[in-house]
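To keep things clear, I will list the structure first and then write my remarks on it.
What follows draws every value from the coordinates through simple rules; no lab data is involved. Note that the structure is predicted; figures quoted are calculated from it, not measured. Cβ sites come from the backbone with ideal geometry, for glycine too, and all protein chains shown count toward neighbours.
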């Protein structure tokens, strides 16, 4: 028995979405009309009957989250109808330069967009992260009669997303985690770019999601059976111990002459097709971007419902503040995105006489120190906890209580061997707010998650990667596990800070800047092997991204290095003193942060007057920006005890001293002033 | 009713594998003893009863393929017992520098290793590729009474691999493709590095694989029920229309005091534990690396069976040659890894007056020209066929005949939206032999497959990536789809050729070198937008990786560029002529190939005497190696018609002319000789 109440404006509203999709894509002469046209009924039912959000206050914390994983124009249309800051002119500027409506929805760019989608599979996994954030914060802050954090996360997804491994990983974890407030609507339209999904995607999706532990529902006629759509969402909301996927059979490009074919997937409809579509729906065929008043009215009513809910929630929060002042203070601080005052003081500080330790261990010491001060930190590893050293003693696992392995209030996430899913989930955790997620794996396997990492940076999600075993220094596992190209890959991503700290103070500095950079993800590249604490390092100096760790005047050479190789450079310098050669050492733990320092400072660190040699146990690619000469790995690493591997590649104090002499004599012979590589025209 | 015949030497052989695993990892003091000890019975049954291979002729074409996806010492032990070129001393050198037994098995490094494993999920997907190759070559070359290509592919996999998205993608496709000769043995030992799989991996794996269309079998006691293991493999081999997964419940580290815990996963057993293990199995407790004669005899018998099978196969091939001389000639040529004589002559050649075309279109023209000449080319796209332009007219889809969408003899693969799976499958296709695989997606989404791409390069798999839409030139899709960091990431991978051709001749050159480089993967970075054919380009010149496309003497500036920006550099140069400035243009389509040219040539291309400015519509990272000044994207791209996006970022003839003047005047003011960036000490 359906509980659906049809409204006279349903049909016209759905037709509005469909014709707008055709017009928006038609005017841009670029985009994907088919999916929005097919998903219009589900979108309409969801947004008018269920979705709780206030378009005039798009950051209201307990709003429902909506993710359009197969990111396209549909979301812009919905935002506009609802009354978000997106005008009809913005819709008309779809895919035009500097508009609010770029090709795919981007978080931090357009009001009301939660996460950046388009790259397939990402939005699905972001949705899992959003739902985990809700479960966690609800478990920590909700009290009897104070359900402050209980929103739903709705994800629309298509075949493309479900084929991607990143979505499979996230779906398996979501099932394990029993995320009851996660509701995925799967647009089963049988069409992808290559044509019918029969060519490559014939698995039984329902059975797959059952295997993950999801509730699986389906709607046979997603084109017009609004009651069935409605009832499926009702059932999804009612299931509190499982995520739900609703398989919705739709006709892509519904209403077009080419409906149901891949002709409507990624190209605008022809003009006559749009006209016939409008005629069919009773719309003026020659009018574009037509929105009947009833449609606006319907969506404004939904918006008013959201505004009312927010206001009720604000009252509830205020009452909560009286009864639970500490929790209230902490929750509102977290919602504001500010870390607790003074947390920086908990960062460990080291003296040169402190024992050598692996920077992964130094990272554990930082996490142990700051975790009590920052409840916002929620982290985990892709099944390398004991190697990444990311679990702080005493922390509880984030797990469904029924597993008896933890609780939803737990802060340590067991991601399983799912690096890409982990990265995309962390983006969702960050997007939710109130959480600073960290994730962990070997540096080499951050590459598995590259698709999610670049979206962290584009979308300004503060996600911290604890990336251990960051070079040949991991030793025996060998070249399959030893990164070579990974550092320069990550260094070339805009708005991503890649830190490779050399000792204890630099590790603390990396965490300091990473935690202060609320709109920038960071990757902390950490050693497996022990590193001595350096004479010249301080948190403050390292926080500038690069600094002189060993100063001499009238140097014959500067060696610029990072991470585990800085102490090797220092060893080379001390050997060369005996030969009357003066070598300065610069530590450059983070290129992007160093690049942001003023020119005078940068030129004082990498100064003219003597050649600069870079040293890193990785590919030398990119170091030419900061040095005249480069020493690094010629190609792949090797399997063996790490000291022997370093020897094999000549990355030892003795050999670097000999390389240094070669460099010094080359530039002496060459003659003329040696100018800093930072002195440039552009 | 079991068809298994136990042999008196079974138990001692299994015990040999288990104790050897403990000793090998113990001596190295590094590695994973638990999985080999747990999988010993399955390995023993498979290799003594079923596996067809000749250790003395490890490249015999119709051998069964074995992939140890959770790559560890087990494979080395099996190779040694079988009599491959791997001595007991090699086993003792496990994980030691320059040994044949590095931390994880590497193809092209150790005799008998088919594919490189260790990075989880890769081997599973490689196995799908190996099985596809067998299906394809069998369909093309087998004839009645001449089953020349009918081997099985066996994959051992663990929980870790099955959690990885890359394996999910490959598994879904394998089910769709009905790969009957693919048999996966899943070591269900309930343990991963973080402990019990209950913490993160509670999906129903059997149901998942049923949803993909696999045959699913299980063995409840994989520790000692050899008959059940045997019968499951028999049933797997009998099912010709589905891949099979056998879930084998095992005890990790069987026989150790810590068996069944994660204590035996990734660390050596303690000395007393190894002793008690040996005592339990009736082995001398103080003797290490002990192999009873019966064990060697058993494995030598299996090896002799393989040798006999190869000899029978050679006779069959010879008889085939008489009946099918053309097919025989082609098959043996393909097995030898040589392309057909003279195929290069089919490469298209262009004149400057030929119309401008997108390099993705130029790539299609090459594929259309060379496909008839090179039957070894088997390619496909991750659901972007119409955008990548990879399907040559008239080619047939590689599909199970029952789908009526193609045949196994078809050469076009519909990968679905599964980039990472596609990359790893292509590694398997290449590893099989007789096939040169190409794969396609947008350049930006090659990043999804980074884990597989680096293994192509490490393992010397000749895989060609057709990576279109390679910059902001894709326009409207915007920053989510526009690569920025991708080129430098791929350029920093050793043994990978990243080509960014500027016109028709350069596109032909890229294919020429990619197809001639039998041990190197290539990524062809191709434009969506049209590019004019250049005056100075030829296939021969571009094949050197870099060359002077526009020469002038006494230049004020050299601009070095690649791909779609070369013609913009030329436009800038022609504008500057009017102002009396002489600008040379160098095209550098492939850094790694250019780096291999002799120093004299390289210095003649990027010569001293005037500043060099690089120009590319991507991150400038890395260009400092070849230029004094760099112009590129400051950060992310933007969504809009591509010409407007180029304008926004100043990548136009007019603006580059103005940037050039700035560079020229800076170096004139600076004074002194401008030395080529290639002139270096190291």
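Could you check the simple spin-label distance between residue B:29 and residue B:326, using points 7 Å along Cα→Cβ, in nm with one decimal?
6.5 nm
If you restrict to DSSP beta bridges whose two residues both lie in the protein assembly as shown, what percentage is antiparallel, to the nearest 5? Present the calculation step by step, with values, prior to reporting the outcome.
Values: 16 of 126 bridges.
Looking only at bridges with both residues in the protein assembly as shown, the antiparallel portion is about 15 percent.
With angles folded into 0 to 90 degrees, how steeply does helix B:226-238 sit against the dominant principal axis of chain B? Use alpha carbons for both and round to 10.
Helix B:226-238 sits at roughly 50 degrees to that axis.
Mind ranking B:515-526, B:206-217, B:532-543 by how tightly packed they are, going by the mean number of other C-beta atoms within 10 angstrom, highest first?
On the way: B:515-526: 22.9, B:206-217: 21.2, B:532-543: 19.2.
Output ranking for B:515-526, B:206-217, B:532-543: B:515-526, B:206-217, B:532-543.
Hey, for residue A:87 with labels 7 Å out along Cα-Cβ, what do the inter-copy distances come to in nm, ordered shortest first?
8.2
Any idea what the residue A:670 label distances to the other copies are, label 7 Å down the Cα→Cβ vector, nm, shortest first?
Here the equivalent label points are 1.1 nm apart from this one.
Can you tell me the Rg and Dmax of region A:513-613, counting just the alpha carbons, in angstroms?
14.2, 48
Is region B:331-471 rounded, prolate or oblate when judged by the Cα gyration tensor, a ≥ b ≥ c being the square roots of its eigenvalues, rounded requiring a/c under 1.5 and prolate requiring a/b larger than b/c? Walk me through the intermediate numbers first.
Numbers: a/c = 1.29, a/b = 1.10, b/c = 1.17.
It comes out rounded by the Cα gyration axes.
Hey, which residue of A has the C-beta nearest the axis mapping A onto B, and what's the distance in Å?
Here the nearest residue and distance are A:165, 1.
Write down, largest first, the equivalent ellipsoid semi-axes of region A:32-94 in whole Å, where each equals the square root of 5 times an eigenvalue of the alpha-carbon gyration tensor.
Working: eigenvalues 71, 48, 20 Å².
One finds semi-axes of 19, 16, 10 Å for region A:32-94.
With a ≥ b ≥ c the root eigenvalues of the C-alpha gyration tensor of the protein assembly as shown, is it rounded (a/c under 1.5), prolate (a/b larger than b/c) or oblate? Spell out each step's value before the answer.
Numbers: a/c = 1.18, a/b = 1.04, b/c = 1.14.
Judged from the Cα gyration tensor, the protein assembly as shown comes out rounded (a/c under 1.5).
Please pull out the direction-averaged projected area of region B:257-380, using the convex hull of its alpha-carbon atoms, in nm² to one decimal place. All intermediate terms of the calculation are to be shown ahead of the outcome.
Numbers: hull surface 65.5 nm².
Result: 16.4 nm².
Once you place label points 7 Å from the Cα toward the Cβ at residue A:351 and residue B:644, how far apart are they in nm?
6.3 nm
Nearest 500 deg cm²/dmol is fine: what mean residue ellipticity at 222 nm does chain A get from its DSSP H runs of n ≥ 4 alone, each adding -39,500 (n - 2.57), divided by its residue count?
Details: 25 runs with 273 residues, N = 682.
Dividing the helical sum by the residues of chain A leaves -12000 deg cm²/dmol.
Give the calculated FRET efficiency between residue B:530 and residue B:675 to the nearest 0.05, with a Förster radius of 22 Å applied to their Cβ-Cβ distance. Walk me through the numbers on the way to the answer.
Values: r = 37 Å, r/R0 = 1.70.
Calculated value: 0.05.
Which shape class, rounded, prolate or oblate, goes with region A:583-623 when its Cα gyration tensor gives a ≥ b ≥ c as root eigenvalues, a/c under 1.5 marks rounded, and past that a/b bigger than b/c marks prolate? Before the final figure, lay out each step's value.
Values: a/c = 2.13, a/b = 1.19, b/c = 1.79.
Oblate, since a/c reaches 1.5 and b/c is not below a/b.
One decimal, nm, shortest first: give the distances between the label point of residue B:352 and those of the same position in the other copies, each label point 7 Å from Cα along Cα→Cβ.
For residue B:352, the other copies' label points sit at 6.4 nm, shortest first.
How many partner chain Cβ atoms sit within 10 Å of a residue's Cβ in peptide A:659-670, on average, as a whole number? Don't jump to the answer; show the numbers that get you there.
Working: counts 2, 1, 0, 2, 3, 1, 1, 4, 1, 0, 1, 4.
Taking all residues of A:659-670 together, the mean is 2.
Strictly greater than 32 Å: what percent of every Cα pair in chain B meets that?
Details: 125756 of 232221 pairs.
The proportion of pairs with Cα distances above 32 Å equals 54 percent.
Could you sort B:301-311, B:349-359 so that the peptide with the highest average Cβ count within 10 Å comes first and the rest follow in order? Provide the component values of the computation, followed by the final result.
Values: B:301-311: 17.1, B:349-359: 15.5.
Peptide ranking by packing, descending: B:301-311, B:349-359.
Place a label point 7 angstrom from the Cα of residue B:374 along the Cα-to-Cβ direction, then list the residues of region B:392-427 whose backbone nitrogen is under 14 Å away.
It comes to B:392, nothing else.
Quick one: work out the % antiparallel among DSSP beta bridges in chain A, nearest 5.
On the way: 8 of 63 bridges.
Just about 15 percent of them are antiparallel.
Could you give the length gained by full extension between residue A:88 and residue A:1, i.e. 0.36 nm per residue of separation minus their alpha carbon distance, to one decimal place? Working shown, then result.
On the way: separation 87, 0.36 × 87 = 31.32 nm, distance 3.93 nm.
Residue separation times 0.36 nm, minus the Cα-Cα distance, leaves 27.4 nm.
Report the full-extension gain for the segment residue B:654 to residue B:289: residue separation times 0.36 nm, less the Cα-Cα distance, to one decimal in nm.
Working: separation 365, 0.36 × 365 = 131.40 nm, distance 7.24 nm.
Difference between extended and current length: 124.2 nm.
Which order do peptides A:137-150, A:498-511 fall in by mean Cβ count within 10 Å, highest first? Intermediate values should be presented prior to the final figure.
Values: A:137-150: 16.4, A:498-511: 29.5.
By packing density, highest mean first, the sequence is A:498-511, A:137-150.
At a Förster radius of 35 Å, what calculated FRET efficiency corresponds to the Cβ-Cβ distance of residue A:270 and residue B:409, to the nearest 0.05?
Details: r = 38 Å, r/R0 = 1.08.
After rounding to 0.05, the efficiency reads 0.40.
Provide the percentage of antiparallel DSSP beta bridges, counting only those with both residues in region A:515-604; round to the nearest 5. Can you show the working numbers first?
Working: 3 of 8 bridges.
If I count the DSSP bridges inside region A:515-604, around 40 percent turn out antiparallel.
Return one number: the angle in degrees, 0 to 90 and rounded to the nearest 10, between the long axis of the Cα atoms of helix A:271-280 and the longest principal axis of the Cα atoms of chain A.
On a 0 to 90 degree scale, this one is about 40.
Calculate the FRET efficiency for residue B:111 and residue B:146 from the Cβ-Cβ distance with a Förster distance of 35 Å, rounded to the nearest 0.05.
Numbers: r = 29 Å, r/R0 = 0.82.
So, using R0 = 35 Å, E works out to roughly 0.75.
Relative contact order for region A:104-221: what is it in percent, counting Cα pairs under 8 Å that are at least 6 residues apart?
23 percent
What angle do you read, to the nearest 10 degrees and between 0 and 90, between the alpha-carbon axis of helix A:419-432 and the longest principal axis of chain A?
Rounded to the nearest ten degrees, it is 70.
Could you list the residues of region B:238-260 with an amide nitrogen less than 12 Å from a label point located 7 Å from the Cα of residue B:220 in the Cα-to-C-beta direction?
The answer is B:249.
Using a 7 Å offset from the Cα along the Cα-to-Cβ direction at both residue B:196 and residue A:661, what is the distance between the two label points in nm, to one decimal?
A separation of 6.2 nm, rounded to one decimal place.
Averaged over B:446-458, how many beta carbons belonging to a partner chain fall within 10 Å of each residue's beta carbon?
Values: counts 1, 10, 13, 5, 11, 8, 2, 2, 9, 2, 0, 4, 8.
What the average comes to for B:446-458 is 6.
What does region B:118-265 give for Rg and for Dmax, in Å, if only its C-alpha atoms count?
Looking at region B:118-265, its Cα Rg and Dmax stand at 16.1, 55 Å.
Within a 10 angstrom radius of each residue's Cβ in A:103-113, how many Cβ atoms of other chains show up on average? Whole number is fine.
On the way: counts 12, 7, 2, 5, 0, 0, 3, 0, 0, 0, 0.
For peptide A:103-113, the averaged partner shielding equals 3.
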